[in-house]
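Asker: One structure follows; several queries about it will come next.
What follows draws every value from the coordinates through simple rules; no lab data is involved. These numbers come from a predicted model, not from an experiment. Don't worry about glycine lacking a Cβ; one is built from the backbone with ideal geometry, like all the others, and counts go over all protein chains shown.
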Amino acid sequence: MAGIEVTAPARATRPADLIGRILENRHALGVLMVTPALLILAIFLAYPFGLGVWLGFTNATIGQAGHFVGLGNFRYLLGDSVFRLVVLNTTLYAAAAVVCKLLLGLLLALLVNREFRGKRIVRAIMLLPWIVPTSLSALVFYWIYDPTFSVITWTLRRIGLAHGFINYLGDPNLARASLIAANIWRGIPFFAIGLLAGLQTVSTTLYEAAEIDGAGPWQKFWFVTWPLLLPLTVVVTVFSTIMTVGDFQLIWIITRGGPANATHLFGTLAYQRAIQGGFIGEGAAISAFVLPVLVAAVLVSFHYLRRE
Amino acid sequence: MRRSALTTALTFTLPLWAFLALLLFPFYWMLVTAVRPNKELYNLSLNQLWTMHPTWQHFQKLLFATHFRPWLGNTMVIAVGATTVALSCSVLAAYALQRLRFRGSGVLGVAIFLSYLVPPVILFIPLARIINELGLWDRPAALILTYPTFLIPFATWLLMGYFRSIPAELEDCARIDGATRLQVLRHITLPLALPGILSALIFSFTLSWNEYLYALVFLSSTESKTIPVGLATELITGDVFQWGPLMAGALLGSVPVALIYSFFVEHYVAGLTGALKE
């Protein structure tokens, strides 16, 4: 009885008008609260996503709506030697960069997971490449890869390892390697900090148990750390793969896709054809080729989310 | 004993220093180039790794002979605007999805997570048309409204994790005392979720400050550009590079995010790892 007497007057203070009742209804209030976020995502994400797929099937140009051409753009692209080179470039760029970022990021995570003096400051500064604007660090790499004033060439010449000048961005394979190196530099911290978070959740008792069983450092890593770290590694790798395949700014600032289209990725070619060239339909079709990567990534992450 | 010291040096100290040198060298290079006078900059017989006579001339040129100052203003307005829009939407959405559990909230939560995976490369071409039709071309509003498309999914996901960690009993107590659902959110949940909100805020600001592709496509006139786009387009003209002012600009453009980051490093790392682990 006493309980009812306490709650009854309190309830009376809640508004009883229509708006008040709506705001007290879990379902109505819930829908109301997600509406602003959903509106923005619907207008500027879902709608352009659909529009982009549609544009890929049209011959739209800047200023002209265009009309449906079926698979015309895709058929044209598959016969286009530049586009085929872009598929090759993107595969090479993403595979090389993601593998190196994963290996180096894991190594760095294992290093800073130890106890040492200055641990906090090291963990803080190792993230810098990832937080500063990529377009600005791309400018630094552009300068580091200068054909005449490159600091790498200067150093190599000083210690006698090189005699002439190195045209980092003038040779197709050298340009690819240079851009992959810049991408790795930027991505290592992301892997390191993500994997470090995973390493910290591994209980030390597991390592102690492994030690009692006579496991060495390598065995401890392979049989204790790695299996526990795997789910997080998959998530980080999936994210990084999407970002690397969809990379734009590093390439556009440093090489603009050159020399001889050797460093063009889907994003830069789509920009060149659609925004600079005006062929909206063709550009949208090029962007659409990122979709299979996205779908594969979604399936993989769902698989792991369900297992968690 | 000596052997183990050597082992530590080879397997720990040396690799760690190598990593730090590799990761920090570009910043060092940015700094020494920004303060190096032209006659030292383009003279290969001098020691390239050090600047003998530091100068402010590149900063002066950058600040008074280029559009850097309007770019700085634009970048600030856009980053603050986009962060405000994204965070207001995300706090409400995350609370509704995590706490109210209304009909359809499960599906919506997954949909918002999936939208986080859509890269801007897929969206920029159709978005350019939409921005044009809405009459937002070359205006800050174009970016303030489009940046939330990658900020909201991230921030919502992050905040849902924070709301989950707040005991529901606290909210139930307030409800029993007669608080409305909105009062509970304002007086109980939000103050407790402040660290999470701060993480989302810092992250959103940094991502908006750094964005390049949308800013390149949706802004066309020189004075309306942002720093990431403006520097590369105005200071790289044909074959004439102005490396001094360019590096000065790269330095000044990186300082705001680096400063915010250094003050809130714990929140930043918590945000990044929290979003990955959720």
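Asker: Can you sort B:156, A:255, A:225, B:84 so the residue with the fewest Cβ neighbours within 10 Å comes first?
Answerer: Listing B:156, A:255, A:225, B:84 from fewest to most nearby Cβ atoms yields B:84, A:225, A:255, B:156.
Asker: Another question, then. In sequence order, what are the phi-derived ³J(HN,Hα) couplings for region A:203-214 according to the Karplus relation 6.51 cos²θ - 1.76 cosθ + 1.60 with θ = phi - 60°, rounded to whole Hz, with x for glycine and proline?
Answerer: Karplus-based 3J(HN,Hα) across region A:203-214 equals 5, 5, 4, 5, 5, 4, 4, 5, 5, 4, 6, x Hz.
Asker: If we count other beta carbons within 10 Å of each Cβ, what is the order of A:17, A:80, fewest first?
Answerer: If I rank by nearby Cβ atoms, fewest first, I get A:17, A:80.
Asker: Right, here's the next one. At q = 0.17 Å⁻¹, what log₁₀ I(q)/I(0) does a Debye calculation on the Cα points of region A:180-308 give, no solvent, two decimals?
Answerer: After summing over all Cα pairs, the log10 values are -0.96.
Asker: Please compute, for peptide B:88-97, the average count of beta-carbon atoms on other protein chains lying within 10 Å of each residue's beta-carbon.
Answerer: 5
Asker: Only Cα pairs under 8 Å and at least 6 apart count here; give the relative contact order of region A:73-307 as a rounded whole percent.
Answerer: 28
Asker: Treat the count of other C-beta atoms within 10 Å as a stand-in for reagent exposure and order A:163, A:27 from fewest to most.
Answerer: Lowest to highest Cβ neighbour count: A:163, A:27.
Asker: When chain A is treated as a GNM, springs tying every alpha-carbon pair under 10 Å, which of A:230, A:78, A:29 comes out with the largest mean-square fluctuation?
Answerer: A:29
Asker: Given the options B:122, B:152, B:78, which has the most mean-square fluctuation in a GNM of chain B, springs set between C-alpha atoms less than 10 angstrom apart?
Answerer: Top of the fluctuation ranking is B:122.
Asker: Could you derive backbone 3J(HN,Hα) for region A:114-131 from the dihedral phi with the Karplus parameters 6.51, -1.76 and 1.60 (θ = phi - 60°), listing whole Hz in sequence and x where the residue is Gly or Pro?
Answerer: The phi angles translate into 6, 8, 7, 5, x, 4, 5, 5, 5, 4, 6, 6, 5, 7, 3, x, 7, 8 Hz.
Asker: Sticking with this one: Given labels modelled 7 Å from the Cα in the Cβ direction, how far is it in nm from residue A:81 to residue B:77?
Answerer: That separation, rounded to one decimal, is 4.8 nm.
Asker: Using a Cα-Cα cut-off of under 30 Å, which lysines could be cross-linked to residue B:39, ignoring same-chain neighbours fewer than 8 residues away?
Answerer: Here the lysines satisfying the reach criterion relative to residue B:39 are B:61.
Asker: Out of residues 5 or more away from residue A:168 or on other chains, whose amide H comes under 5 Å of its own, with H placed 1.01 Å from N in the peptide plane?
Answerer: none
Asker: From other protein chains only, count the Cβ atoms within 10 Å of every residue's Cβ in B:125-135, then give the mean.
Answerer: 6
Asker: Taking a point 7 angstrom from the Cα of residue B:132 along the C-beta vector, which residues in region B:201-225 have backbone N less than 19 Å away?
Answerer: B:213-222
Asker: Something else: For region A:234-248, list residues with backbone N below 11 Å from a point placed 7 Å from the Cα of residue A:304 toward its Cβ?
Answerer: A:234-241, by backbone N distance to the label point.
Asker: Seen from all sides and averaged, what is the projected area of the convex hull of the Cα atoms in region A:73-307, in nm²?
Answerer: 16.7
Asker: Can you pull the Kirkwood radius for the protein assembly as shown, inverse mean 1/r over Cα pairs, to one decimal in Å?
Answerer: It works out to 26.1 Å.
Asker: Per-residue Cβ counts within 10 Å, from other chains only, averaged over A:22-32: what number is that?
Answerer: 6
Asker: If I stretch the segment between residue A:291 and residue A:203 completely, what's the gain in nm (0.36 nm per residue apart, minus their alpha carbon distance), one decimal?
Answerer: 27.8 nm
Asker: Something else now. Hey, which lysines would be in cross-link range of residue A:119, C-alpha to C-alpha under 28 Å, not counting anything within fewer than 8 residues on its own chain?
Answerer: Output for residue A:119: A:101, A:220, B:277.
Asker: Convert 10 °C to kelvin, take the viscosity as 1.306 mPa s, use the Kirkwood radius over C-alpha pairs of chain B as Rh, and evaluate the Stokes-Einstein diffusion coefficient in µm²/s, rounded to a whole number.
Answerer: 72
Asker: So for region A:168-274, averaging the separation of alpha carbon pairs under 8 Å that are six or more residues apart and normalising by length, what relative contact order in percent results?
Answerer: With pairs under 8 Å counted, the relative contact order is 35 percent.
Asker: Here's another thing I want to ask about it. Within region B:178-195, list the residues whose amide N lies under 18 Å from a label point set 7 Å along Cα→Cβ of residue A:17.
Answerer: So the set is B:180-183.
Asker: Just need log10 I(q)/I(0) for region B:42-159 at q = 0.14, 0.21 Å⁻¹, Debye formula, equal scatterers on the alpha-carbon atoms, no solvent, rounded to two decimals.
Answerer: Rounded to two decimals, the profile gives -0.77, -1.17.
Asker: Considering chain A as a Gaussian network with a 10 Å cut-off on Cα pairs, which listed residue, A:208, A:115, A:24, attains the greatest mean-square fluctuation?
Answerer: The residue that fluctuates most here is A:24.
Asker: Another question, then. What value does region A:16-56 have for Rg/Rh, both radii from Cα atoms and Rh as Kirkwood defines it?
Answerer: Rg/Rh: 1.31.
Asker: A further question on this structure: In percent, what relative contact order does chain B have, based on Cα pairs under 8 Å that are 6 or more apart in sequence?
Answerer: Rounded, it is 30 percent for chain B.
Asker: Apply the Karplus parameterisation 6.51 cos²θ - 1.76 cosθ + 1.60, with θ equal to phi minus 60°, to every residue of region B:208-219 and state each ³J(HN,Hα) to the nearest whole Hz, in sequence, with x for glycine and proline.
Answerer: Coupling constants for region B:208-219: 5, 4, 8, 4, 10, 4, 4, 5, 5, 7, 8, 10 Hz.
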